[in-house]
Structure formats: C-alpha cells, structure tokens
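Following: one structure in structure tokens, then a few remarks.
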Amino acid sequence: MLELRSVTAGYDRRDPVVRDVHLTVAPGEAVGLLGPSGCGKSTLARVAALLHRPDRGQVVIDGEVARGWRHRAPRAQRTAFGVVFQQPRLSADPRLTLTQLIAEPLRATGRAAEVPGRVADLARTVGLGDDLLARRPHEVSDGQLQRACLARALVLDPRWLICDEMTAMLDASTTAALVAAVEGYRARTGAGLLAVGHDKVLLERWCDRTVHWDELSGDAAADRTT
Amino acid sequence: MAETTWRPASARGAGGATATTRAWRVWSSAAIVTAVVLAVLVVPPVVNLDEQAVHLADKLLPPSWEHPFGTDDVGRDLLVRCVYGLRVSLLVGIVAAVVATVVGTAVGALAAACGGWVDRIVMRLVDVFASVPHLLLGIFIVAMFRPGVWPVVISVGLTHWLSTARIVRAEVLSLRSRPYVDAAISGGASRWRVTVRHLLPGVLPQAGLAAVLMVPHAIWHESALSFLGLGLPTHQASLGTLVQGARSSLLAGDWWPTLFPGLFIIVPTLAIAGLAGAWRERINPRRRSELML
Amino acid sequence: MTAPAPAPAPVLSVQGLSVRFRMRGGAYVSAVTDARFDLAAGECLALVGESGCGKSVLASALLGLLPANAETAGSALLGDLDLLTADERTLARTVRGRRVGLVPQSPAAHLTPVRTVRSQLEETLRELTGVRRPELREAAEAAADRASFPRGHLDRHPHELSGGLAQRAATALALVGDAPLLLADEPTTGLDRELVDRTVDELRRHVGDDRALLLITHDLAAARRVADRVAVMYASRIVEIADAESFFGDPGPRHPYARGLLNALPEREFTPIPGMPPELSALPDGCAFAPRCVRADEACTALPVLAGGGGGAGRDGAGRDGAGPDGAGRDGAGPDGAGDRGVEDRRVDDGRVESQGVACHHPHTHPRTVALEAPRA
C-alpha cells in the first residue's frame, strides 16, 4: 500500500502547489492522476517517490512512514520506486551510453556483476536493439531514449512505479509500446503504479482507476476508491 | 529515378565565411601556442645561451642580424631574454591558473553540494573578496613575501578563483535540479556517487575552459606585478620585468626593449584565448546535436 | 463533371525535397528523402510521424535553418522563390516572418525572457511592417488581439505567462508579418488536451482562406482536429498523403504504417507497431517499413514510390488513372504490381487538385473498392 496522507508541498512555503492531498495506491493497482499542466501533480509524484520533501503530511510505504527524502531516505525505501519523467533528454545523463544509463542503479547499489544479463533482458523488454545500447543520448531519438529511461526505472525491480507524463512527448506507437512494457512488468511482479498525466483517454485506458486532481485536495479528498 | 543532385544547404548566417575564419583562427592560434611551447621548452637547454651575460659594449643595440630583437641597457640579447622571460611567465601563468581553478572548483562545488547556510556563508565570502580590486589584493599578498616566483603564483592564484567558484556553483546547482539526478537518487545512488559521477563531470569542461582562459590573464597579472616592481626580482627575466626595465630606454627613444617583450605578452596570450574560444564553442550545448533528432 | 477552373498556384510546392547530413567519417544520414506535396491557400496539411522520422528537419529546411553539415536536393517553391537555394540574406530579410511565419515548439524558449511581450511585439512590428512610434502601441495591441492574447498581459515577461498564454504570444509574433505560409513545429508538445485543442483551433482560424498551414506534430488528435490533409512520414519518407476525413474516418489510412500508428491510439486498439524504425544512417534499399509489416513480401525489397502529392508524376497519374470524384477509380494493389503506386488525384469542388498517394506495394484498400481488388493469397 502506498499512501499519501494530507500532503502539502511546493517550492515556496507560503504558496504550496500541493495542498492537503490524500491518495492511496493499493498493491498491484494502477492509479491514473489527471490534471492540467502546472497544477502540481508532478510535485506530488516527486513527493510520492521520496524525491521532494513535503512541507506537511506523510508518505506511508507498505505501512512504514517515510522519515527522509532524497539522499536522507534509506536506500531500500528509495529504490522501492522506479520513476520515469516527461522529458527523456533531461532525465538521462548526456555522458552515459544507454547501457551505462540502464545499468547505473545496479552499479550504485553494488550489483555490478548482474549488469550484462539484466541490461540485455530489460533492453528486450522495452524493445531496444543491441546497436542502440552503445550510443549516447544525443545519438538516439526521444522515443528510444525514453525506452532506456523506463528500463533504468525497472532495473532494480521496484515495487512501485511512478510515471510522470511518461509519454507526453511521444508518438502513439511508442506510447503504446511503453505502456505495454510497464503493464508486462506489473503483470510479472505485481508492482503498483501511479501514472500522472493530462491525457484522459490514455490514462483511462491504461489504469485501473483515474482520479482527477481537483478531487484530491482539501475537503474533497478522502480518495474515493472505486 | 534520376540521380539526386545534392548541394550544401544554404548555411545559416555568413556560415561558410565564419567557418573558414574560425578554422583559420584556430589553426593560427594552435601554431603560435605550439611555437611558444617549443621555444620555452626546447630552446634554453639546446641553445645554452646565457641570458644573463652582460656585454656593456653592446648595450642598447637596435635589432640586427646578430641580435634580432636588439640588446638591452646592459647589452643582454633581448631575444634570449624574451624566451627566458616567456618561460617564467608561462610557468607562473599556468600554475596560478591551475591553483585558481582547483580552489574555485572546490569552493563552488562545496557551496552548491551542501547548500543551505554553508552556501550562503561561502558565497558571501566570495562577494567580499570580489569587492576588493584583485590587483590590489594581489599586491597585498606579494608584499608579504620576499620577491620570487612562488609569491607571485600564490598571489595570482588566490585572487582569481572567485569567478570559477561562481561558475562552478551555478553549473552544479542547475545540474542538481535535473531529473537525471532525481533518477539517480531513486536508483539508490549515494550523495558522493551523484556528485562524482553526475555533477562533477558535467562541470569539468566549464572549469577546464575557465582555467585555460585564465592562463593569459595570469600572465598579464604577473607582468603587471613585476612591472610595478613587486613581482619577480629585477634580474630574473620575465616579460613583466623586461618591460619594466625598458622604461628608461623608452624615454630615450629606444623602442625595441619595450616592443618585443610587449609582443611576447600579447601574441601568445591571444593565441591561448583563441584556442579557448574554439573549445568553448565545442562544449556549447547548441552545437551538440548535428542530427537534429 | 464540369470542366474544372484553373487551379490556383499553391502557396508552397515541395518537389523531391531531400536532406542529408554529412557525418564525421564521410557517412551520410538521410533525414528527408524525396518529399513531395503542394499546399494551397486555405489549406492545412498535418505532417505526422514519430520523433526522429525527419519531420522537424523538413521544417528546418523550409526555413533555411539547417546546420552547416546538411545537404539538400529538390526544391521547395514559395511563390517563385526556392527556399532551398535562397541565400541567407534573402531568407532573413524577405522570408522568415514575412513570407513564412513560424509557430515554435516551445514558446517559452522562443520568447526573449528578459523583455515583455509588448516590447517583443513592437519590435517585430517595427521590423516587419515599418510601423513607427505613435501607432506602434496600438498596432501591438491589435496584433495581440488577433491571437486572442489578452491586452492586460502585454506588459508581462514570458515567465509570468501560463503555457497557453505563452503559446498565444508566440502565435501573435508569428502572425505579425502576415505571412502566407504558417509553419507550426510541434506547437502543442506538453500542453493539456484542452490547450492543445484551443491552440490548434486558433491556428486553424488564422489560416482562414488565404493562408496555408503546415502543422508538424506527433499528436494525431491535434492533426485530426484541424487538418484537411495528412502526410505521414516514416524513416525520412512521406509514405502516405491522404484526405484527413478519410484517413481518420471510415476508410482509414492505406499505408500499413499509418494504420498501425492510428491503431496504437489509446481510444483504438492501443497496440504498438512491433519493432522500431530503422536508422536513418542505414536505410534499407526497399520499403523501410517492411521489417515491421505483416503484409511484407518479396515485392517489398523494391522501393515503393509515392507518386502524386502534387508532383508532376501525380498530375500525369490523374489522367492515366482516371480517378473519379470519389477517388475510388482504381486503387487496389494487384499482385501483378500494376497498382503499386496507389496514386489518386481527385478534383474537389473548387477545382483544386488534391493529391493523394501511398508508397506501399500492398496498401490497405478502401472497403468499397474491395471488390475491385484481386484476391491475394
């Protein structure tokens, strides 16, 4: 169970973009969070993935209250989340090849020995050819780079996936392919998903349930589970 | 189908012309820098001329075949003195630039990586340092020591790290907010790993460029300090001491003891700056993707 | 059928436009290959395709903004000016802004961050229309009105604007020069659905009767909303040009790739096309889509040609094919290969020739022509 309890967050304490939000994702559930751009849903996604410290409120991961954010979060908690962002260009270190990009979390957690097998495996899952893996981000297209970013998010077998506008920059076919890769992973592992986006048609097709941003904050809260 | 006839795209701006000019500038700069490096590394040991040799009979000879740059007021050959002077100036310039860059990068990265009150205090200190004219500060530092090469290096190095620190801090701050750093944290990377693997490599080209750009600046500073009589002892040939020593002869109408060391200051520094400019264009992000994917 | 009125000259006529990049080591990357289409006044053509297919390079070629390692072939006639061979002076002084208005991908990056919208509008007006001081203020406000940019926000800086307002500010700037051709390069990336709809509706409104709009996008919903015709680009080639209504509507696309792209939409089957597009540096000799295509066979090792698209070949084809007004004359691809061009030019009511075509050996056929198609094993 991933629970966000009365989360208030933002970049200026006097004017938070997320106000008193409640949201729950059950294990194995896919929740779509719909909202217009600039409403604060990306901030909420970063709070959920322990990447942004909220001003108030709690994040509870499988019954355990998160005490720290970013580097202060215990590694086991941080790596329980796989995150994919909107812009693959900004989400990839420009100096790493796609193989290094995908393998980075394994190396960072001292599992370098597993790199060759896992990378080949995941590259197949997300549909990346071998010839692409040796390239750097500027040598591949947005769609190919986003596939690599998804592979990176999956490499540590996270229990929760946070996809923040993962497909907003991509064409229909790549969108469908990435969603299929995410769903394949979830079917195999039972991971939960929080997909943030503005495309109602897409999220309703993809997720078990969708919630609109306006239903989340303040009194409207209570996160109607359907 | 007919064979396709290709033609170069009508390049942007006076694109073709600037490309040629740019290449010319890079190559001439490279040639000058190479010549300078060869001159200061190879000539003194091989030629084995005594730059200090005094021939009072030959004092203040205008340029000739025997002395292409002429001689100074005690009859020392100016070409030899210039090469030795350049050697000292270049050494001072490079070491000082490296000192300044290392200090600046460390301070800037520390401020940005720690953030919070560390950042505020460090950057306020930088502001305080920057509010004092750095030539003045440099004079103050050399004045505390006996004249020599190292006080000058320290003086120039310690007064020039400020801009590097600011550049590095700004760059690290901007990189730190990139989603790829978020992704690294989520992938379990430690603070150290994020800094070493993702932040510093992104900053090093900028810092390296700042170092190269600083070499000419440091040479000028050394020259200025020496010209003021505060840098190197007068008998040690550096470009600054040469120009200083030539002041009296210039008033007497003898131009060569001033002109040639002056050119030795200007030309190599321009060449280094030219190369640094080309490097800056290379690391400019706008040029990174030639494919426009 | 009455004799058609003489077709008015197109605003933009692209013939055999190709762009390739010379890479280090002498290799070439083909970003655009043999693109052909006409764009008439009052018409909106949507160029769709996935990122990296070459559509943005095509836009850059039309604006003369290609990098120095690019080479071009063919022509892109804007009136009597070839945009591909015009020199930079001509492009800068008479084309960009004056004859081609650019609606940029990210307005926030396109606007100068340190100056207000008003000062940028005024500068552009001064530059392009020669309006001077006393009238300038009013002209800037009129220009803002045209793009529905609220006057009250004119004195704001770009970072103080919402995404939608920034897009309108950029559109206002693009409209200042009254250019007959509007070129919108991914104008809706990252915007919400409502904003996307509003943005493309506004673009459509500006096109009116006397301008043409080339909308480059990966967003099929946006294309569907405003386009009269759709051109689908795949691996540097335009593989299908079709009437938007039939493309998105009943008969559907004819090229297997275009069909796959539509089927990938979440409101349709939501299934991706298997595989990935080929590298532009190593395009196969035959059909570039064949490795991903269920219809592919030996015929596909030969390059299918999209004739038509407003090109000379298309006009010839119109006579030969004798396509009726509904374009259903003959478009089955027989196994004999006789129909593998799949070209249909049709005359619409105002006498304009609307070229359509598909570059495929085995295109999907429209349901009502199924009977005409020879059965295939």
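The values are calculated or read from the model by the stated rules, or taken from the named source; none is laboratory data. Given the structure is predicted, the values throughout are model-derived calculations rather than measurements. Don't worry about glycine lacking a Cβ; one is built from the backbone with ideal geometry, like all the others, and counts go over all protein chains shown. We work out accessible area using only protein heavy atoms, side chains counted, and drop any ligands, DNA or RNA first. Shrake-Rupley method; radii C 1.70, N 1.55, O 1.52, S 1.80 Å.
Excluding ligands, DNA and RNA, what is the accessible area buried between chains C and A, summed over both sides, using a 1.4 Å probe, to the nearest 100 Å²?
Chain pair C/A: roughly 2100 Å² of buried accessible area.
So, for chain B, what is the accessible surface per residue at a probe of 1.4 Å, expressed in square angstrom?
52 Å²
Nearest 5 percent is fine: what portion of the DSSP beta bridges confined to the protein assembly as shown is antiparallel?
55 percent
Just check the range B:137-293 against the gyration tensor rule for me: Cα atoms, a ≥ b ≥ c as the square roots of the eigenvalues, rounded for a/c under 1.5, and otherwise prolate or oblate depending on whether a/b exceeds b/c.
Because a/c hits 1.5 or more and a/b fails to exceed b/c, the range B:137-293 counts as oblate.
For the interface of chains A and B, what total accessible area is buried with a 1.4 Å probe, rounded to the nearest 100 Å²?
The A and B chains share an interface burying roughly 2300 Å².
If a/c stays under 1.5 just call it rounded; otherwise compare a/b with b/c (prolate if a/b is bigger, oblate if not). Do that for chain A, with a ≥ b ≥ c from the square roots of the Cα gyration tensor eigenvalues.
The shape class here is prolate.
Given a 1.4 angstrom probe, what's the average accessible area per residue across the range A:93-157, in square angstrom?
35 Å²
I want the local charge near C:R259. Using Cβ-Cβ distances under 11 Å, sum +1 for each Lys or Arg and -1 for each Asp or Glu among the other residues.
Around C:R259, the charge tally is +1.
Antiparallel DSSP bridges in chain A: what percent, to the nearest 5?
40 percent
Work out which residues of the range A:132-174 lose at minimum 50 square angstrom of accessible surface when the other protein chains are put back, relative to the chain isolated, with a 1.4 angstrom probe, and list them by number.
Buried by the other chains: A:H138, A:M169, A:D171, A:A172, A:S173.
On the protein heavy atoms, probe 1.4 angstrom, tell me the percent of accessible surface of the range C:107-178 carried by carbon and sulfur.
The nonpolar share, carbon plus sulfur, comes to 50 percent.
Under a point-charge model restricted to the Cβ atoms of Lys and Arg (+1) and Asp and Glu (-1), what is the dipole moment magnitude of the range C:107-178 relative to its Cα centre, in debye to the nearest 20?
Dipole size: approximately 100 debye.
Between B:L125 and C:E123, take the C-beta separation as r, use R0 = 60 Å, and let me know the FRET efficiency to the nearest 0.05.
0.90
Using Cβ-Cβ distances only, list the Cys residues of the protein assembly as shown with no partner cysteine under 4.7 Å, sorted by number.
A:C39, A:C149, A:C163, A:C207, B:C82, B:C114, C:C44, C:C53, C:C293, C:C360
At 222 nm, what value in deg cm²/dmol follows for chain B if DSSP H runs of at least 4 each add -39500 (n - 2.57) and the sum is divided by all its residues, to the nearest 500?
It comes out at -23000 deg cm²/dmol, rounded to the nearest 500.
So for chain B, averaging the separation of alpha carbon pairs under 8 Å that are six or more residues apart and normalising by length, what relative contact order in percent results?
Normalised by residue count, the contact order of chain B is 24 percent.
Counting only protein heavy atoms, what percent of the accessible surface of the range A:1-138 is carbon or sulfur at a 1.4 Å probe?
On the range A:1-138, the fraction of accessible area on carbon and sulfur atoms equals 49 percent.
Helix B:161-176 against the longest principal axis of chain B: what's the angle in degrees, Cα atoms only, rounded to the nearest 10?
Computed tilt is about 10 degrees.
Out of the range A:136-226, which trypsin sites (Lys or Arg not before Pro) are coil in DSSP terms and have no more than 11 other C-beta atoms within 10 Å?
Passing both the DSSP loop test and the Cβ count: A:R224.
For the range C:61-93, state which residues have at least 40 Å² less accessible area in the presence of all protein chains than in their chain by itself, taking the probe as 1.4 Å and leaving out ligands, DNA and RNA.
Residues shielded by partner chains are C:L65, C:T72, C:A73, C:E88.
Would you list which lysines come within 17 Å of A:K200, measuring only between C-alpha atoms, while excluding same-chain residues fewer than 8 positions from it?
Leaving aside lysines fewer than 8 places away in the same chain, those within reach of A:K200 are A:K41.
Let me check against my output: what whole-number percent is the relative contact order of chain A, with C-alpha pairs under 8 Å and at least 6 apart?
30 percent
Tell me: how much accessible area in total is hidden between B and C, 1.4 Å probe, Å², nearest 100?
Answer for the B-C pair: about 1900 Å² buried.
Rounded, prolate or oblate for chain B? Axes are the square roots of the Cα gyration tensor eigenvalues, ordered a ≥ b ≥ c, and the cut-off for rounded is a/c under 1.5.
Note, shape of chain B comes out oblate.
Just need the relative contact order of the range C:4-94 here, percent rounded to a whole number, with Cα pairs under 8 Å and 6+ apart.
34 percent
Non-local amide H neighbours of C:C44 (under 5 Å, H modeled in plane, Pro and chain starts lacking H): which ones?
Here C:L213, C:D228, C:R229 satisfy the definition.
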